[in-house]
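Here is the structure we will look at, set down as structure tokens.
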Amino acid sequence: MPHVLSKTSAQARVQAGVWLCELGSLGRVLRSATASVAWLDAKFLIASALCVLLYFVAGRWVEVPAAVEELTVLVLFLPFALSSRWNSRSRPTQAASVAAPAVDPSASGKAGCDGGALLRGVARRPPDASANQDAASEEAGECFCGARLHAAAKAGNLTAMESIVRQMHKLGTRPSVVCYGAAINAYAQAGDAHGAERWLQELTQLGAGRPNTICLNIVISAWAKAGDRVRAEQWLERMPGLGVAADAMSFNAVIDACARAGDVDRAIMWLQQMREADLEPNVISYSSVLHACAKTGSMDRAEAWLQRMENEGVEPNVICYNAVIHACAGAGDCRRAAGWIDTMVLRGCEPTVNSYSAILDTIAKSGDTEAAEHWLQRMDTQGVQLDGVVFNMLMGACSRSGDVVRAQQWLKLMQERGVAPIAICYNVLINVHSRAGNVDEARHWLSQMRSAGLQPDCVSFNTVLKAFARNGDVAGAERWHLEMKMAGIESDVVTYNALISTCARAHDVDRAEHWLLEVEGSRSVQSDGVTYCMCIDACARCGHTARALTWLQRMEAAGLQLSHGSCGSLVHALAKIGDAPEMERVFQKMREAKVDITVTMYNSLISACFRRGETARAAHWLEYMIQHRLSPDVVSFSTVIHACAKANDLPGAEQWLARMDSIGVQANSVTYNSVINACARAPDLHRAETWMRRMETAGIHPGLLTYNSVINACAKAGDAQRAEYWLTAMREQSVDPDAISFSTVIHACIRANSPQRAARWLAQMVAVGEAPGGSCFSSVVQALARRGDLAAAQRWLREAVDRGADVNKACFCAVISACLRAGDLEAADDLLRLAARGGVATGACIENVAQAWARRGDQQRSQSISQLASRVGGV
């Protein structure tokens, strides 16, 4: 990637400067030492110089531990210190009679270092040493401290580096620009952008020297990798004020920062600024812009910039093509992404595994295992080396689609290709089986994981635990948890959440609370919001709202933020039992905790108020939603309108429907049906039909409930003719009437004293296959009997009995009495015996028929009828 290339180049340039500084410092030391110590053997000096040169040159290519570097420096400079001491003792000087002045290490100027043995030896030299020898020792001390600082920076030992600099400051010595560069680079390599910036600021503020371009580029790149685009841009903008000219690497680092932030527009802006600064954008510049496009899924812009890059004579590399492929795949257009792979091949740029993995990742996330397999075969045909990342993507696709067979095939192929599966691969297989609730297979693959020499981790055991949770197997889950502990795996909060979830599915509130109490008492596991949500859900599922409320309070006491999940289950449970006051208290807690209360939750509260018969309270909460712009929906309004209808409040229902229309909420068939039902209850047939027409005008086709409501309004208004009209109209509109439709019309005809019309509708009801109820038969039979149409009454009564309808005693009594009045004693006798067999003969009917036979002089028939009373229990 661009930032990697920038970093490598910057590091090489900094290291080159370090070596040049150190070699220069050594040269100055050797020159001073040679000039002041004439007696020193020239061969020794030459040999020492060669050793120093070889050491530093070798260190350029071979990684040398910091401790070895320090020891080597000490060994190389020890002869100078010893020879100086030996020379002062063996050769008298002209100043032997003069007392040596005390030397303060803190006044050693720029040659001061950490107060080590070497410098302390130099400071305590006898007074006969020459000034040149002082200068040589100071030069040696400076180089020694610089070497130690560079060694610490190279080893990434930031603590030692800081300690050396503090000692240098204590002795009054300022680190050189190169030392600062090494420190800045060390912090940047450690990923500490703040530390790198602190050293750069110290360099600019203390006047130790002007920072060079490399130091600034390292800091800009460090902020880019830290994801702080603003700080990266600030340092680029400060470069002119520091007297440092920005180069291509400076702009590339800022463009990379914008790319990492996904800010395409700013990346393009800095590319244009780069041109204005007479710097030619290179492949790194363009690849960073393409990376920004890829991160935001802007495939059109990515393709346009790749084309522009080529037009300006910059040859795209595989990184550039991969960025465009990632942009297309990120936008979900795998076909265009595949087209760019073909383009790469045609232009002689070999696709890499990253080229294909972008497409594979998109396909895998969609769970399309067949398409994923196709791309794997294509990669194999093209000779692209398959790695563990690719196989993990494929197995992830199988996990999402629940394709157990393919997941196992991928694992086998992975092993055949010599790619060692990692724990994630086995965890994916375990997860596929756990999602299906297949405990045995999940455990089998955990065992296979062990056989492959991989140690199952907490994720592995928790994934198996989810299989028990899906089955609601509390005993099995608890046994597995014990096995997990025996394997030395520490339970985490996910473990306990799975256990509590298992109990919730099994409606085992006691065990759910047991596990939550164990979490609360644990020192190693910290409960989270999910833990309490699961327990609250377990209580809510079983209708234990009081216990659920208790856990909600304990959740607050534990300092955990209330969430939609923790409150949602409780609200749903309270709504089911219609506990609107408690719901309102929970809502207050949610508002205080700044937890969003959804429209569905408010609708549940409105419905709870409605079920309690509190229409005004339901209307209050709907008004609250409107005033607070909480977007009430059609369900919100329809519930309140239905509540008004139930309360026989037709004006209220119509007002809410008008309000609904005024704020732009489209009414549906349920809304209109509720208003029409309110009209039926009024009863106001005219308004019911008016709302029916408005409904049709609004483009809503009336359904069965709508027609039934209008027919009901007609029946309650006593207008049987209009009821018959609407029943005929609904059939013409291809809306099949049901038993309620026919029954309502039949009752309307009976109320209009038209039993024959009622009988005709009853006949049509039977003809279309609708089963009339006992009340429907009874109404028609009794109406016909009262009208004196005994033949029709008896026919429908026998039809009702044959169909198994629940015909009541009153129906039989009415027909039997009509037969007695008409003098048809045989028919009355026959119907009475039919009623007796059905257990609905009354004592009055038995007595009336028996007396009728007695008056006719047939005592035997009279006694036979009287005996029916004992068989039906003397009813």
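Tabulated results
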read-out	value
Compactness relative to 2.2 N^0.38 Å, alpha carbon Rg of segment 360-496	1.10
Two-site label geometry, residue 791 and residue 864: point separation in nm, points 7 Å out along Cα→Cβ	2.7
Segment 209-255 versus segment 545-590: alpha-carbon centroid distance in Å	53
Cα-based equivalent ellipsoid, segment 530-624: semi-axes from gyration tensor eigenvalues, Å	23, 15, 10
Length-normalised contact order for segment 245-294 - Cα pairs under 8 Å, 6+ apart - percent	47
Relative contact order, percent, segment 322-447 [alpha-carbon distance under 8 Å, six or more residues apart]	18
Rg(Cα) / (2.2 N^0.38 Å) computed for segment 830-873, rounded to two decimals	1.04
Exposure ranking of 524, 401 by accessible area [1.4 Å probe, largest first]	524, 401
Nearest-10 value in Å² for the accessible area of residue 687, using the 1.4 Å probe	70
Pairwise centroid distance, computed over Cα atoms, of segment 445-508 with segment 597-676, Å	47
Under-5 Å amide H pairs with residue 543, H placed in peptide plane, nonlocal only	none
Normalised contact order of segment 305-345, rounded percent, pairs of Cα under 8 Å and 6 or more residues apart	31
Binned Cα-Cα distance frequencies in segment 271-375 - 10 Å width, integer %	16, 47, 26, 9, 2, 0
Protection-proxy order for peptides 658-665, 558-565, 285-292, each taking the mean of Cβ atoms within 10 Å per residue, highest first	285-292, 558-565, 658-665
Using alpha carbons only: equivalent-ellipsoid semi-axes of segment 436-475, gyration tensor based, whole Å	20, 10, 6
Whole-number accessible area per residue in Å² for segment 520-629, which is evaluated in the context of all protein chains at 1.4 Å	48
Segment 474-568: proportion of alpha-carbon pairs further apart than 18 angstrom, %	40
Hz values of 3J(HN,Hα) by residue in segment 389-402 - Karplus curve (6.51, -1.76, 1.60), Gly and Pro given as x	5, 4, 5, 5, 4, 4, 5, x, 4, 5, 5, 5, 8, x
Cα-based equivalent ellipsoid of segment 181-271: semi-axis lengths in Å, sorted from largest, via gyration tensor	21, 15, 9
Segment 467-490 residues near the modelled residue 526 label - backbone nitrogen below 19 Å, point 7 Å along Cα→Cβ	490
Rounded D (µm²/s) - segment 410-465, Kirkwood Rh over Cα pairs, Stokes-Einstein at 25 °C, 0.890 mPa s	220
Rounded to whole Hz, the Karplus (6.51, -1.76, 1.60) HN-Hα couplings of segment 343-356, x for glycine and proline	5, 4, 4, 5, 8, x, 9, 6, x, 9, 4, 5, 4, 7
Loop GluC sites (Glu not before Pro), segment 510-555, which have at most 12 other Cβ atoms in a 10 Å radius of their Cβ (DSSP)	none
More than 14 angstrom apart: percent of Cα pairs within segment 771-852	55
Restricting segment 323-382 to chymotrypsin sites (Phe, Trp or Tyr not before Pro) in coil, as DSSP defines it, with at most 14 other Cβ within 10 Å	none
Karplus (6.51, -1.76, 1.60) ³J(HN,Hα), θ = phi - 60°, over segment 773-789, in Hz, Gly and Pro reported as x	x, x, 5, 5, 4, 4, 4, 5, 4, 5, 5, 5, 5, 5, 6, x, 8
Accessible-area ranking of 798, 210, largest first, probe 1.4 Å	210, 798
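The values are calculated or read from the model by the stated rules, or taken from the named source; none is laboratory data. Quick caveat: nothing in here was measured; it's all calculated off a predicted structure. Counting neighbours? That spans all protein chains shown, and the Cβs are built from the backbone with ideal geometry, glycine included. Please note that ligands, DNA and RNA were not included when accessible areas were found on the heavy atoms of the full protein model with its side chains. Shrake-Rupley method; radii C 1.70, N 1.55, O 1.52, S 1.80 Å.
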